[in-house]
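Down below is the structure, laid out as structure tokens.
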Ligand SMILES: [Zn+2]
């Protein structure tokens with residue numbers, strides 16, 4: 001006989017397991033990234049392409065979900081063989097999503113030459129931003145900027161980045177006063193051609209050349 005499962009109690013369980021877990025009902029065919037929650041062990045039997053941590057089933061790969069409600073099995077099939085995941089040494093491109101004095105968060109949407117359908121989260125610490133001492137991350141990048149970086153380590157699916165190279169850094173930045181694209185103005189830094197505002201960034205050598 002099949003055990004009746006109250007969806008609300010499953011949800012409560014999931015919330016109890018992890019307060020910040022973005023738990024949502026899954027359907028077959030959804031694209032998921034490594035580390036995305038798929039359900040709880042009360043609800044499903046974890047199958048290929050998944051792993052379990054603290055009672056929650058997560059995807060191990062970039063792929064599509066297959067949820068077998070009849071047999072209560074959840075699996076993830078890789079979208080492509082060797083689907084792209086950042087590795088130590090990978091050159092990645094992403095959009096800066098938030099900036100604090102010490103660190104910036106980056107939504108990685110490209111690994112090497114491969115555009116991703118989803119994104120990975122990268123973190124850039126102020127000490128890894130440039131060779132010379134940098135007091136504030138706000139002199140390196142601002143939210144909305146497009147940045148090229150190298151992955152230096154990976155822990156718990158958080159990718160730590162560096163921009164300590166001429167080829168790395170912001171490739172597109174936007175004026176924090178009017179939102180227009182900032183232009184490189186030699187040693188003066190970046191300037192907005194609409195409002196004249198001058199801003200600081202750690203730019204890549206090919207800043208503004210359209211190479212992403
Ligand atoms: Zn402006």
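Since every read-out is calculated from the coordinates, none of them should be taken as a lab result. All of these numbers come straight from a predicted model, not from anything done at the bench. Note that each Cβ is placed from the backbone with ideal geometry, even for glycine, and that neighbours are counted across all protein chains shown.
Each 10 Å bin, from zero up to the one with the longest distance, holds this percent of the alpha carbon pairs of the stretch 91-199: 16, 47, 30, 7, 0. So if the hydrodynamic radius of the chain is defined as the Kirkwood radius over C-alpha pairs, what does Stokes-Einstein give as its diffusion coefficient at 20 °C and 1.002 mPa s, in µm² per second? My calculation gives 112 µm²/s for D.
Against the empirical curve 2.2 N^0.38 Å, the C-alpha radius of gyration of the stretch 28-89 lands at a ratio of 1.10. The length gained by stretching the chain between residue 198 and residue 135 to full extension, at 0.36 nm per residue less their Cα-Cα distance, is 20.8 nm. Stretching the chain fully between residue 187 and residue 156 yields a gain of 7.2 nm (0.36 nm per residue, less the alpha carbon separation).
Just want to confirm a number: the relative contact order over the chain, from Cα pairs under 8 angstrom separated by 6+ residues, in percent. Walk me through the numbers before you get to the answer.
Working: 481 pairs, mean separation 27.0, N = 212.
Dividing the mean separation by the residue count of the chain yields 13 percent.
Mind jotting down the distance between the C-alpha centroids of the stretch 56-80 and the stretch 145-194, whole Å? Between the Cα centres of the stretch 145-194 and the stretch 56-80 lies a distance of 36 Å.
As a calculated quantity, the FRET efficiency between residue 125 and residue 41 at R0 = 35 Å, using C-beta atoms, amounts to about 0.50.
Extension gain, residue 176-residue 87: 0.36 nm per intervening residue step, less the Cα-Cα distance, totals 28.8 nm. Taking Cα atoms only, the orientation of helix 7-17 departs from the longest principal axis of the chain by about 50 degrees.
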